[in-house]
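The values are calculated or read from the model by the stated rules, or taken from the named source; none is laboratory data. What you are looking at is a predicted structure, and each value in this text was computed from that prediction instead of being measured. Cβ atoms come from the backbone with ideal geometry, glycine included; neighbour counts cover every protein chain shown. Remember, those area values only see protein heavy atoms, side chains included, never the ligands or the DNA or RNA. Shrake-Rupley method; radii C 1.70, N 1.55, O 1.52, S 1.80 Å.
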Amino acid sequence: MSANHAVVVGGGLAGVTAALELAGAGLRVTLLESRPRLGGLAFSFKRGDLTVDNGQHVYLRCCTAYRWFLDRVGGTALAPLQERLDVPVLDVAHPGGPRLGRLRRSALPVPLHLASSLARYPHLSLAERAGVGRAALALRRLDPTDPALDGLDFATWLGRYGQSPRAIEALWDLVGIATLNATADQSSLGLAAMVFKTGLLSENGAADIGWAAVPLGDLHDTLARKELDAAGVRTQLRARVTGIFRSQDGNWRVDTETGTLDAATVVLAVPQREAHGLLPAGALADPDKLLDIGTAPILNVHVVYDRKVLRRPFFAALGSPVQWVFDRTDASGLTDGGQYLALSQSAAQDDIDEPVSVLRTKYLPELERLLPATRGAKVRDFFVTRERTATFAPTPGVGRLRPGFRTDTPGLYLAGAWTATGWPATMESAVRSGVGAAHAALAALGRHRENPLQEAA
Ligand SMILES: Cc1cc2nc3c(=O)[nH]c(=O)nc-3n(C[C@H](O)[C@H](O)[C@H](O)COP(=O)(O)OP(=O)(O)OC[C@H]3O[C@@H](n4cnc5c(N)ncnc54)[C@H](O)[C@@H]3O)c2cc1C
């Protein structure tokens, strides 16, 4: 009876994706999620009348797996991409007063698509701009999958290519901190090369930015749930898995706090520490490696003003502890003329445990420096969301710690943004892992299903 049954543990993007793919191939699928909602690390919650995301999420046009996921759940129109990459970058430390620069692409082919924007980028000297161009061309020649790159750090490589501290701050870290959740000195060269090569140097539109125009929960919980139901997946929320055991008949027994399930296939799509706790003996040659994968925090600072203070949908800041600022007014359901801004603060080790009062004293004056219109505005609400283990830490050497989708035990598979997808901890990585684990399971069961990412890969 359990031969046709697959259990997916964890209802983040990796688990939801795996469940959809397994069900699509005709398996009977049960998805077990410990929380009362799907979406894992990318979710929403209510705060009074507002619907708030736990953290601003963006994706790029080159995130083909996440875009496939959006399409699969019917969410593409709700998380649109910019027509063309356009990032306003505001430097408030400029001696002559705040100065705005833009990182934009043109319609020209790679790498010329960024050349004219870089040539005019005011936050770097002429020599620095030329130097960035040279380093970008050198980066293009790197192979991100080369294991030798995994052990090196990005900052040392940038230094070798003559990048000044200012070029690192105003360009490489501006993008790198937001995508890798670490500064260049804390990032594996392999992962950094992956991000910059794929995003900026692969295709003309690869780095165009997309983000949800609705709460994340609408996409990753409501729409995902609808598609799981339609695919026949039995989703159990508030169902924490406490143990996974191999039965004598070779099938799997999955224990939850309220019962037991039998299955021929199990996809474990939980964070690495939880996976380590649940993996049965012998499933990985060296399971303790999972515990060596570090984590990195992201803080979001949420400010609701009584009026509009920002005209753009988002911008990035230089010369300020503020990193990226997004207008979440419409997405949150705020309709009374106020404006709701979310500050996305990656690699937030210094701030993550600070009390709200300290963060308020730190960030409100910074917003006044960046956005003069806030000076006369009333702050109607100020709160923070803290994700202490938002991503795995992309430190040099992390690549050799990330396991593949297959374990050493038949029928048991791993998924999660932290598995060996080659991507940093992103929604893209999560979806890739879910598809990868499901298709590894289907291949072992002798079932054929077209891999939806094959064309995109
Ligand atoms: C604040 C923040 C900002 C981010 N910004 C971006 C961004 O801009 N772009 C981007 O691409 N990515 C971003 N990320 C990363 C992205 O959200 C994650 O990489 C991705 O969502 C991870 O998905 P996952 O399915 O691998 O894991 P998770 O989302 O961690 O899902 C694992 C699930 O397993 C469940 N679980 C755990 N233990 C058990 C158990 N014993 N039994 C049952 N269920 C269990 C958990 O409750 C969880 O729902 C951000 C993350 C955060 C936190």
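Observations on the structure shown:
- Put simply, the amide H of Val29, placed in the peptide plane, has neighbours under 5 Å in Ala6, Arg234, leaving out anything fewer than 5 places away on its chain.
- Our summary gives region 43-150 a relative contact order of 12 percent, counting only alpha carbon pairs under 8 angstrom and 6 or more residues apart.
- For chymotrypsin sites (Phe, Trp or Tyr not before Pro), no site in region 45-96 is both called loop by DSSP and has at most 16 other Cβ atoms within 10 Å.
- Sequence-distant residues sharing a close amide H with Thr407 (under 5 Å, placed H): Leu412, Leu414
- Beta bridges from DSSP with both residues in the chain: antiparallel share about 75 percent, rounded to the nearest 5.
- Accessible surface of Lys226, taken over heavy atoms with a 1.4 Å probe and every protein chain present, rounds to 130 Å².
- Rolling a 1.4 Å probe over the protein heavy atoms of region 338-405, with every protein chain left in place, gives an accessible area that is 50 percent carbon and sulfur.
- With respect to the chain, whose longest principal axis is taken over its alpha-carbon atoms, helix 13-24 is tilted by about 40°.
- Here the simple spin-label model places points 7 Å from the Cα toward Cβ, and for Asp288 and Arg307 these points are separated by 6.2 nm.
- By average C-beta atoms within 10 angstrom, highest first, the peptides 9-15, 80-86: 9-15, 80-86
- Gain in span if fully extended, Arg447 to Val379, counting 0.36 nm per residue against the direct Cα distance: 18.8 nm
- Phi-based couplings in Hz for region 260-269 (Karplus 6.51, -1.76, 1.60; Gly and Pro marked x): 9, 10, 10, 8, 7, 10, 10, 10, 9, 10
- Gap separating the Cα centres of region 179-230 and region 307-363, nearest whole Å: 20 Å
- Amide N of region 290-323 lying under 15 Å from the label point, which is placed 7 angstrom from the Cα of Arg273 along Cα→Cβ: 290-298
- Two-site label geometry, Gln349 and Lys226: point separation in nm, points 7 Å out along Cα→Cβ: 4.3 nm
- Count of Lys pairs (Cα-Cα under 23 Å; at least 8 positions apart or interchain) in the chain: 6
- Assuming charge only on the beta carbon of Lys and Arg (+1) and of Asp and Glu (-1), the dipole of region 367-409 about its Cα centre is about 100 debye to the nearest 20.
- Sequentially through region 54-60, phi angles give Karplus couplings (6.51, -1.76, 1.60; θ = phi - 60°) of 5, x, 4, 10, 10, 9, 10 Hz, Gly and Pro residues having no value and appearing as x.
- Annotation: amide H-H contacts under 5 Å for Thr391 (H modelled 1.01 Å from N, sequence separation of 5 or more, or interchain): Ala296.
- Using alpha-carbon coordinates, inclination of helix 427-444 to the longest axis of the chain, degrees: 20 degrees
- Dipole of region 103-207 computed with +1 at Lys/Arg Cβ and -1 at Asp/Glu Cβ about the Cα centre; of Thr183, Leu201, Tyr121, farthest Cα towards the positive end is Tyr121.
- Dipole of the chain, positive direction: furthest Cα of Pro365, His5, Gly250, with charges on the beta-carbon: Pro365
- Average Cα contact separation per residue, the chain, under 8 Å, 6 or more apart, as relative contact order %: 24 percent
- Computed extension length for Lys46-Arg166: 39.2 nm, one decimal, from 0.36 nm per residue of separation with the Cα-Cα distance subtracted.
- Taking the 1.4 Å solvent-accessible surface of region 50-117 as the whole, the part contributed by carbon and sulfur is 58%.
- Under 13 Å from the Ser125 label point (7 Å along Cα→beta-carbon), backbone N, region 137-177: 163-167
- Area projected by the alpha carbon convex hull of the chain, averaged over all directions, nm²: 21.6 nm²
- To the nearest ten degrees, helix 189-201 and the longest principal axis of the Cα atoms of the chain are 70 degrees apart.
- Backbone HN-Hα couplings from phi across region 74-83 [Karplus 6.51/-1.76/1.60, Hz, Gly and Pro as x]: x, x, 4, 5, 8, 9, x, 8, 4, 5
- Accessible area per residue for the chain, computed on protein heavy atoms with a 1.4 Å probe, is 42 Å².
- Two-site label geometry, Asp71 and Asp255: point separation in nm, points 7 Å out along Cα→Cβ: 4.3 nm
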